[in-house]
Amino acid sequence: SQMLMFTAYLAAVVALYLVPLSISSPCIMEKAALGPKPAILGHRGAPMLAPENTLMSFQKAVEQKVYGVQADVVLSYDGVPFLMHDKTLRRTTNVEEVFPERAYEHSSMFNWTDLEKLNAGEWFLQNDPFWTAGSLSRADYLEAANQSVCKLEDMLEVIKDNTSLILNFQDLPAAHPYYSTYINITLETILASGIRQQAVMWLPDTERQLVRQVAPGFQQTSGLKLDAERLREKGIVRLNLRYTKVTNEDVRDYTTANLSVNLYTVNEPWLFSILWCAGVPSVTSDSSHVLRKVPSPIWLMPPDEYHLIWITSDLISFLVIVGVFIFQKWRLGSIRTYNPEQIMLSAAVRRSSQDVKIMKEKLIFSEINNGVETTDELSFCSENGF
């Protein structure tokens, strides 16, 4: 039974030792094979440094020299494109204070004159969604507190010279007066801003053919994970996907098909490092100011070095385990050389003299019996009165 238990234990240990050899990571590679650093797009501007989708947020993103920014566009009831991610204004404005009876209305059902009355920055300082409000300078703190809802036109003026743009749109309610023409109005606003068409990544599938005709230079971008052939047939040149939905093989396949992949939302340097090793061209991030300072992947290890480290660790661990078994065997063997009477006698400090005498007699006879090698010798001793 002991050998069976030992064999099962040894099999489990060996299996654990071999597991690391089957683990794969994009960063187990030769340094020479590392591709360029992924470009960084600011998610709704720079939302860790300023309230999201506000003019200040995009100004901060431009200061960080990001490759591009991502913004969410909605059309007001009177036809003004503005920036808002949520369907309602409750999370990022003080609409419950200014228009309490309209707090749950769709943001597109407000006229621009009403939207201008709202504060879009105080929530950021009060809720501190990224725990960064306390690190703002006094000037930035005051500026953030006074942000208002941002027009698409104003944002484009800030970013048009050096920054790319990926646009996302909210679907409008059917009762909206511009329900069927909001794409046209948004296109007019973008083209009137003077931004280069090649700098615009057009994400919505709605009216994509119209967009190609009006703005042929836009980078047609899809948020759907499809095979490369179908995407090329639809004229898609870029993908915008959540990083959890894409594998290393997907990135390689899309790159081979000349499709660029942008992954969102990547905030941690370790995740950014893994995607860098995987060859991802660009990422969208809330923490562009952090990722831009990452000079290289946090760790990068050649395959031979990785295997050597794990094998060495396995060998050292195995020697330690064997040493523990040997020590335990020796320890248990030394314990068995003691008789129960010896252990009891050593503990008999406050016993009565009669008990101690009896234990001494048992110990003497036990030692005599241990020294007798055969039953004949025991009989001989007994006959001679011992």
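The values are calculated or read from the model by the stated rules, or taken from the named source; none is laboratory data. Only a predicted model underlies this, so the values are computations on that prediction, with no experimental measurement involved. Cβ placement follows ideal geometry from the backbone for every residue including glycine, while neighbour counts extend to all protein chains displayed. Quick note on the areas: whole protein, heavy atoms, side chains included, nothing else; ligands and nucleic acids left out. Shrake-Rupley method; radii C 1.70, N 1.55, O 1.52, S 1.80 Å.
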Residue by residue, what Karplus-based ³J(HN,Hα) values in Hz, rounded to whole numbers, does the stretch 136-142 have, using 6.51, -1.76 and 1.60 with θ = phi - 60° and x for Gly and Pro?
6, 5, 4, 5, 5, 4, 5
Report the calculated FRET efficiency for T244 and I298 (r = Cβ-Cβ distance, R0 = 25 Å), to the nearest 0.05.
0.80
Hey, got a sec? Which GluC sites (Glu not before Pro) in the stretch 21-101 land in a DSSP loop and have at most 14 other Cβ atoms within 10 Å?
E30
Unsatisfied cross-links (Cα-Cα over 32 Å) in the set K65/K151; K31/K225; K160/K225; K65/K225
none
I'd like to compare 166-172, 274-280: which one has the highest average count of other Cβ atoms within 10 Å, and what's the full order after that?
274-280, 166-172
Sum -39500 (n - 2.57) across every DSSP H segment of at least 4 residues in the chain, then divide by the residue count to get the 222 nm mean residue ellipticity, nearest 500.
-13500 deg cm²/dmol
Using a probe of 1.4 angstrom, how much of the accessible area of the stretch 35-300 is carbon and sulfur, in percent?
49 percent
For the stretch 239-260 and the stretch 117-132, write down the distance between their C-alpha centroids in whole Å.
35 Å
Per residue, how large is the accessible surface of the chain? Use a 1.4 angstrom probe and give square angstrom.
57 Å²
The stretch 52-147: chymotrypsin sites (Phe, Trp or Tyr not before Pro) falling in loop per DSSP and having at most 10 other Cβ within 10 Å
W131
What trypsin sites (Lys or Arg not before Pro) in the stretch 134-204 are in a loop by DSSP, with at most 14 other Cβ atoms within 10 Å of the Cβ?
R196
Distribution of pairwise C-alpha distances over the stretch 177-290, 5 Å bins, in %
2, 10, 21, 19, 17, 15, 10, 5, 1, 0
Under a 5 Å amide H to amide H cut-off, with H placed in plane at 1.01 Å, what residues pair with S282 once short-range neighbours are removed?
A39, V261, L263
